[in-house]
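Asks: Sending over a structure as structure tokens; questions will come in a sec.
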Amino acid sequence: MDGLQAQRAGAGGVGEDAEERYRALAFDTALSTLVAVAVYALVKVSLDGFRQWRARISVLIVGSGPVGLTAALVAVRSGKVLKLTVLDERYRAALLCRPQQIALDPRSVKFLLGLGVDFDNMEGCWHNEHFFTRIGVFQEYLLSILEQKKLKVDVKVQLGTKFTEEYLRRIQRSEWPRVIVVADGSCGDSCSVLGISSDYTVESCHAYGANATIERLDQRQVPTPEIRAPNLHFDLSAYGVEAHREPRNSTAKPGFHLKIYGTFRNRYMALACPASDTKMVRFLRHTANSSIMKNIFHQSFNVYKTDIEPRLNDVTLHRMQCSRRLFEIQLSHRRVSAAFIEGDNVAVTVEGEAARVLNFDTGCGVNLGMQGLESMGTFIYQTATAVDQNDILEALSAKMQHSRQVAESFKQTGLSQSIYE
């Protein structure tokens, strides 16, 4: 009996030793697996981070207007661009002599400051946190910045070169850009070259407007702050429209809002009112007498102009061109503002007036284009660091969604900020 008990005890000890060894082996295996997974994750994160850090792409920008050149500046400052090409069919002299004035609102000013734009070194003036300068001056300044960036990025500005199918055929397949930014304006045809749909969505801004322009060659071509005159009412009794006959308790009576802007040599005016069906608005929308709108702009300019510029008189009035009547203010924006050319692995985004355009000049149209560029840096980064096509498609989807948001935001508040306020 004693021998049998000892044998059992020995067998029990052997079983306990085996179980202990099994537990130790399982622990070592789990620990080794955990270490291996941790090392793999660390190496993968490090390699992904290194790949993203090294990722550089080629970008082609079609159009060297204010929006196109700003897009170029966003690209070179993203840190993800190895080669940047800016293309425009116009020559440098034609670009820099453009006399039109642009007004950069506080949002655009903040955006440009973040890109390193130094407004103190640019000809212009400030008023109510807006910066006013000529388009040619703004473009020349941005071109000078791009010249300075050539030390870090391969920047080529090809002016006098049109973007065509022949231009694309001359590019070697290995040198095709990964991103193409189309910013060639509302009349450009670069999207058709790339096969992007030209369908637009046209939406009402629930307002009526009219524009006028005056060119006076004897005046100075210097940036000038804009003038706004809100809630105007016109006496059109000479044309059979009695303003006092409108219902006194009517909440629809809008009043007109006038803006005078541009340089003294090239003066522009915008007149707008919220949509309504008052007798005066109906009359100004449907009148066949073009002299009525001309007289309204004539008298309004002489009342609200600056003290140091001359009045319009019968001799100089012929230099004014204006809308014949009030028209509905509408915003048109592309249904497709971003696309992926699968065979060539190219992401395309459409910006500025090539993507969305207003049929009414507010003097602040460039700001609509600047808002569209606020997502450009992220888009270029995501495209440069994309692992596969799905990542690029996600970046394009986000870019297109932002473009729609810009259009919707302007439709809701754009006229209030640029004309009414």
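Asks: Compute the Kirkwood hydrodynamic radius of the chain, taking the inverse of the mean of 1/r over all pairs of distinct Cα atoms, and give it in Å to one decimal.
Replies: Result for the chain stands at 25.3 Å.
Asks: Ranked highest first by average number of other Cβ atoms within 10 Å, how do 270-278, 304-312 line up?
Replies: Numbers: 270-278: 19.8, 304-312: 12.3.
Descending mean neighbour count gives 270-278, 304-312.
Asks: Related question: Check Gly185: other-chain or 5+ apart residues with amide H under 5 Å from its amide H, H built from backbone geometry?
Replies: Here Glu353, Ala354 satisfy the definition.
Asks: Hey, what did the chain get for relative contact order, percent, Cα under 8 Å, at least 6 apart?
Replies: Working: 685 pairs, mean separation 83.2, N = 421.
Once divided by the residue count of the chain, the mean separation gives 20 percent.
Asks: Just how far, in whole angstrom, is the stretch 114-149 from the stretch 52-101 if you go by their alpha carbon centroids?
Replies: 15 Å
Asks: Still on this structure: Quick check: at a probe of 1.4 Å, how many percent of the accessible area of the stretch 315-421 sits on carbon and sulfur atoms? If you can, show how the numbers build up before the last one.
Replies: On the way: 2030 of 4510 Å².
Of all accessible area on the stretch 315-421, carbon and sulfur atoms account for 45 percent.
The values are calculated or read from the model by the stated rules, or taken from the named source; none is laboratory data. Quick caveat: nothing in here was measured; it's all calculated off a predicted structure. All Cβ positions, glycine included, derive from the backbone under ideal geometry; neighbour counts span all protein chains shown. In case anyone asks, the SASA skips ligands and DNA or RNA and just uses the protein heavy atoms, side chains included. Shrake-Rupley method; radii C 1.70, N 1.55, O 1.52, S 1.80 Å.
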